Amino acid sequence: MIGRLSGTLAEKFPPEILIECAGVGYEVTMPMTSIYALPELNEQAIIYTHFVVREDAQLLYGFANTTERKLFRLLIKVNGVGPKLALAVLSAMSADQFVSYVAHDDVSGIVKIPGVGKKTAERLLIEMRDRLKDWQITSLTPATDAMPVQLTTENTFVNDPFRNNKGDAINALISLGYKQVQADKAVKAVYNEGMSSEDIIRLSLKSML
């Protein structure tokens, strides 16, 4: 079991990154809340991981801290919730905000997550209630408010002349479960010239919650 990686952050292709550890590059899929917390490219990073082995693939999921990984592991135990949906939850809001929704039986907040309809939201509330009863919430403010938007003009993603920040943001949102039309609309609404892909994604997610 791979539980943690410590190495050089080589690439960012949200929701995936490449981290090089002792000469080996690991492709890791992460929720956006964790990607926001990563350092700049070519700097040292530590990520906590969850390793999934399937018949057709071996997948590595990464998190900025053990709290996010703990919630991810609880989410994938819910009937009908797989890693992709769990990542969508953690990309849309912080762990504490999700726990707050569950504690307050707030279906309306959870159905805004891509891929979560009313029935799935209700199942999440029911099945997660007991599992999260001892969770210590550090903040009850919405995740999008809790994470300050720090706009920069520097592109912190891999340097590729054939890529553009707006397209990267749209592709990242689609990977998280949003439909093409939703992603296009959200990105168009928040985009300004010079914004990094990370900032576009952050503001787009905020606008859809």
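The values are calculated or read from the model by the stated rules, or taken from the named source; none is laboratory data. None of these values were measured; they are calculated from a predicted model. No Cβ is skipped: glycine too gets one built from the backbone with ideal geometry, and neighbour counts run over all protein chains shown. Only protein heavy atoms, including side chains, enter the accessible area calculation; ligands, DNA and RNA are left aside. Shrake-Rupley method; radii C 1.70, N 1.55, O 1.52, S 1.80 Å.
Below are the figures for this structure:
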| quantity | calculated |
| --- | --- |
| Subset tally (residues that are part of a helix (DSSP H, G or I), open to solvent by less than 30 Å² (accessible area, probe 1.4 Å) and within 19 Å of residue 13 (Cβ to Cβ)) for segment 187-206 | 8 |
| Output for segment 90-106, where each listed residue is assigned to a helix (DSSP H, G or I) and within 20 Å of the chain's Cα centre (by Cα) | 90, 91, 92, 95, 96, 97, 98, 99, 100, 101, 102 |
| Filtered residues of segment 19-28 (kept if open to solvent by 30 Å² or more (accessible area, probe 1.4 Å) and part of a strand (DSSP E or B)) | 20, 24, 25, 26, 27 |
| Those residues of segment 5-61 which are hydroxyl-bearing (Ser, Thr, Tyr) and either at pLDDT 95 or above or over 20 Å from residue 73 (Cβ atoms) (or both), in sequence order | 6, 8, 26, 29, 36, 48, 49, 61 |
| Residue 39 vs. criteria touching a Pro at 6+ places or on another chain (Cβ under 9 Å) and either touching a residue at least 24 places away in the same chain (Cβ under 8 Å) or within 29 Å of residue 164 (Cβ to Cβ) (or both) | no |
| Test result for residue 52, part of a loop (DSSP other than H, G, I, E, B) and open to solvent by less than 40 Å² (accessible area, probe 1.4 Å) | no |
| In segment 113-153, the residues that are modelled with pLDDT under 50, open to solvent by less than 60 Å² (accessible area, probe 1.4 Å) and of a type outside the set (Val, Ile, Thr) | 139, 142, 143, 146, 147 |
| Answer from 71, 60 - the residue that is outside any loop (DSSP other than H, G, I, E, B) and touching an Asp or Glu at 6+ places or on another chain (Cβ under 8 Å) | 60 |
| Segment 1-18 - residue that is more than 23 Å from residue 201 (Cβ to Cβ) and of a type in the set (A, V, I, L, M) and, of those, surrounded by the most Cβ atoms within 10 Å (Cβ to Cβ) | 2 |
| Residue within segment 164-178 that is open to solvent by 70 Å² or more (accessible area, probe 1.4 Å), modelled with pLDDT under 90, part of a loop (DSSP other than H, G, I, E, B) and of a type outside the set (Val, Ile, Thr) present | yes |
